[in-house]
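Engineer: Have a look at this one.
Each reported figure results from applying straightforward, stated rules to the coordinates on display, with no laboratory input. Since the model is a prediction, treat every value here as computed from it, not as a measurement. In this analysis, Cβ positions are derived from the backbone assuming ideal geometry, glycine residues included, and neighbour counts consider all displayed protein chains.
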Amino acid sequence: LAEALAGGAVSPEARGELAHSLRIEAETALRLDDLASAQAAADEALWIISEEPGLPLWWRPDAVSLMGEVNARAGRVVTAERDFRDARDLDRMLFGDTGRTARAELRLGRFYSEQQLYPAAVDSYHKAFAILAKDPVARTQVTPDQIAPFITAAAATGGMEAEIFRASQLAASDVADQTIAHVAARRASGDPALADLVHQADDAARTRDRARMDLAAETAKPVDERDGAREQALDADLKTVSARADTLTLKLHADFPAYARLADPGPGELSDVQAQLAPGEAFLSFVIGPKQSYALLVTQRGLAVRRLDVAGDRLAQDISALRGSFIPKLGRLPEFSLKSSFSLYGQLLSPLENDLDGVNHLIVAPSGDLSSLPFALLVTQAPRAQADYKNAAWLIRRMAISQVPSARAFVLLHAGSHAAAPRPFLGIGDPAFSGTAANADAMAALAQNCQTGSPVAPDLLRALAPLPDTRREVTAVGAALGAGADSFLLGDGATEAAFRAEPLDQYRIVYFATHGLLPGELHCQGEPGLVLSPPAQPAASTAADGVLYAGEIASLKLNADLVVLSACNTAASGGTRFGGGALEGLADSFFDAGARAVLASHWAVPSAATTRLMTDVFTRHGGAGNLAEALRQAQLALIAQGATAHPFNWAGFTLIGDVGSAAPVKTAQEGTP
């Protein structure tokens, strides 16, 4: 084969296919820890790529980097370092200071960190972060396993708490981030001037990248084939188009700062988070990688960084198994494993046990699979009896718990002041669905339907399972808050058009009790949404079709202290991907519309328990300024009653956002008119 390749008997295309196959073979062998096979395949792939001028130029740094992985695994540290540095230098020559070069610096930094060469690791990471700061697209591609080694190196170096906190946020992309991007795109399409500027900026970036590749291809030629004049012309052209791309990006941020903040909010600073924390409050975030994981706890005292003995795949399985207890089978609720919950507590929070001393309100910024875990149901002590839910050491007994999408969101939601809305409550429930609860075909049909910007067919919505208990829930909560008869949209009246016609910025609490759609279930829809009553006839636009998507929510004008999404997750496919980041995605949209907090359910909660929980929350909130504490007390009240002590009844609701800034809501019993 080598003779055939050297003699030119094999076409460049065939050489490329062979090199690609060998790279895959080497990567597979490396995962299986077959170093001999990985070495042989990687060597041959690199030889082919080096000898064949017709193959893409960027294949070489990829192949050299792969050799670095093989050599590092085999303990050939000096050779591996040279490979990683050579790959980095090649990427910089080909692509400049772009995402590829940043990833090459991240690989080199990870290598140094694993070799405990911490100053060198920090230096490489600093170079990568400098590039990522200017490249929002590359930032979205950063993974936890690229960031965790930096935390190791920075923690060992000392004095880098602010950088550790900032870097940890690079690995927190999830469904909520995707929703933000969809909302930004929706807004761009609705503003001609913004859409045109975004289009120009994208075109300029692509032109700059093509110019960079043309220059790299010219400079990569053998010396006797290079054209100095052409190189100068290409270099001048690159400077021109780069300047245009930079100018358009700056103009986009200057002329449309709201769009820029939405599309690229950037990380939250440690000092800003500390400044917003009240005494007894703590902010918790995680970096969960396949090999290294960390928990980061911010208090007014500073930042605690603790190594966790947990891996992403195992954590996902543990959370999924735990949440299986909330899927009724044959009309009965499965037993909840207190032992498994205690095990999760040991993995996630036990290393922070001393740091949590004195904390009475824990604010969690979860990501990935952790977004599907209500932290309130973690058990802090080994259970004495497996099904003794009433006496279990639930984390909610020790502290109130709320959630935020990110550190940046936590800071922004606490910033500034607002005038309270004059009306107490708007409730939307019991939409006009006529399907059967036992029939899942209606939801499947809706999930498989591609709207591509057109209205949803009313028949698809009408066939959904009805939710009659939500009428009692909404009216009971509204009555407790002193809501008038005109404060409810129920049954046939719970349409999207009727909802939009309301003076939405006049309500302090907006309460939805209906089906929800999550991106994981939808065939081609990337945004989560809420399903309302379908119109009598097909709608002329998506503004009245009966599905309120995240992008549409973001365009509303609210002044709500709280939005409640009750049973918003009933569309979950088989109960395996419910809750989590999609709830945060909806919350992000409500925040953008003007809400300050969202109370959302992770699963289809039982009606009677939900009604008691919600009325109790708002009754207690009438005497306290913190919604998280009001929710905690209401949850403890359900736990104290044996019949509702199973976490299915009380743990489903999660508070997301600013839970302490709103003034207490006076209940009807306290004289609210």
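Engineer: Could you order peptides 406-415, 270-279 by the average number of other Cβ atoms within 10 Å of their residues, highest first?
Structural biologist: The most tightly packed comes first, giving 406-415, 270-279.
Engineer: I want the local charge near Glu25. Using Cβ-Cβ distances under 14 Å, sum +1 for each Lys or Arg and -1 for each Asp or Glu among the other residues.
Structural biologist: My count for the surroundings of Glu25 gives -4.
Engineer: Hey, what do the phi angles of segment 362-368 turn into as Karplus ³J(HN,Hα) couplings, whole Hz, using 6.51/-1.76/1.60 and θ = phi - 60°, x for Gly and Pro?
Structural biologist: With coefficients 6.51, -1.76 and 1.60, one gets 9, 9, 9, 10, x, 8, x Hz.
Engineer: Under a plain spin-label model, where a point goes 7 Å from the Cα along Cα-to-Cβ, how far apart in nm are Ala254 and Ala415?
Structural biologist: Result for the modelled spin labels: 2.0 nm.
Engineer: Further question on the same structure: Once both labels are modelled 7 Å past Cα along the beta-carbon direction, what's the Ala543-Arg500 spacing in nm?
Structural biologist: 0.5 nm
Engineer: With each pseudo-label sitting 7 Å past Cα toward Cβ, what's the Ser11-Arg73 distance in nm, one decimal?
Structural biologist: 3.3 nm
Engineer: Then there's this: List the residues of segment 528-546 whose backbone N lies under 18 Å from a point placed 7 Å from the Cα of Ser434 along the Cα-to-Cβ direction.
Structural biologist: Of the residues in segment 528-546, 532-539, 546 have backbone N under 18 Å from the label point off Ser434.
Engineer: Residues with amide H under 5 Å of Phe425's amide H, sequence separation 5 or more or different chain, H placed in the peptide plane at 1.01 Å from N; which?
Structural biologist: So Phe425 has HN proximity to Arg508, Ile509.
Engineer: Could I ask something else about it? So if we plug the beta-carbon distance of Arg210 and Ser21 into 1/(1 + (r/R0)^6) with R0 = 22 Å, what FRET efficiency do we get, rounded to 0.05?
Structural biologist: 0.15
Engineer: Calculate one ³J(HN,Hα) per residue across segment 456-462 by plugging θ = phi - 60° into the Karplus curve 6.51 cos²θ - 1.76 cosθ + 1.60, and present them in order as whole Hz with x for glycine and proline.
Structural biologist: Listing the rounded values in order: 6, 5, x, 4, 5, 6, 4 Hz.
Engineer: Relative to the present Cα-Cα distance, how much length would full extension add between Thr247 and Ala643 at 0.36 nm per residue of separation?
Structural biologist: Gain in length upon complete extension: 136.2 nm.
Engineer: How do 328-335, 549-556 rank on mean C-beta neighbours within 10 Å, highest first?
Structural biologist: So the order, starting with the most tightly packed, is 549-556, 328-335.
Engineer: Another question, then. Subtracting the Cα-Cα distance from 0.36 nm times the residue separation, let me have the gained length for Asp89 to Arg398 in nm, one decimal.
Structural biologist: Between Asp89 and Arg398, full extension yields an extra 106.0 nm.
Engineer: On to the next question. Report the relative contact order of segment 37-121, percent, no decimals, based on alpha-carbon pairs under 8 angstrom and at least 6 residues apart.
Structural biologist: 20 percent
Engineer: For Lys134 and Arg31 in one chain, what is 0.36 nm times their gap in residues minus the Cα-Cα distance, to one decimal in nm?
Structural biologist: 33.8 nm
Engineer: For the ranges 631-638, 365-372, 22-29, 385-392, what's the packing order if you count other beta-carbon atoms within 10 Å of each residue, average per peptide, and put the highest first?
Structural biologist: 365-372, 631-638, 22-29, 385-392
Engineer: Could you give the distance between the Cα centres of segment 39-89 and segment 323-349, to the whole Å?
Structural biologist: If we compute the Cα centre of each part, the gap is 46 Å.
Engineer: Shifting gears a bit: For Cα pairs less than 8 Å apart in space and 6+ apart in sequence, what is the mean separation divided by the residue count of segment 351-408, i.e. the relative contact order in percent?
Structural biologist: The normalised contact order for segment 351-408 reaches 50 percent.
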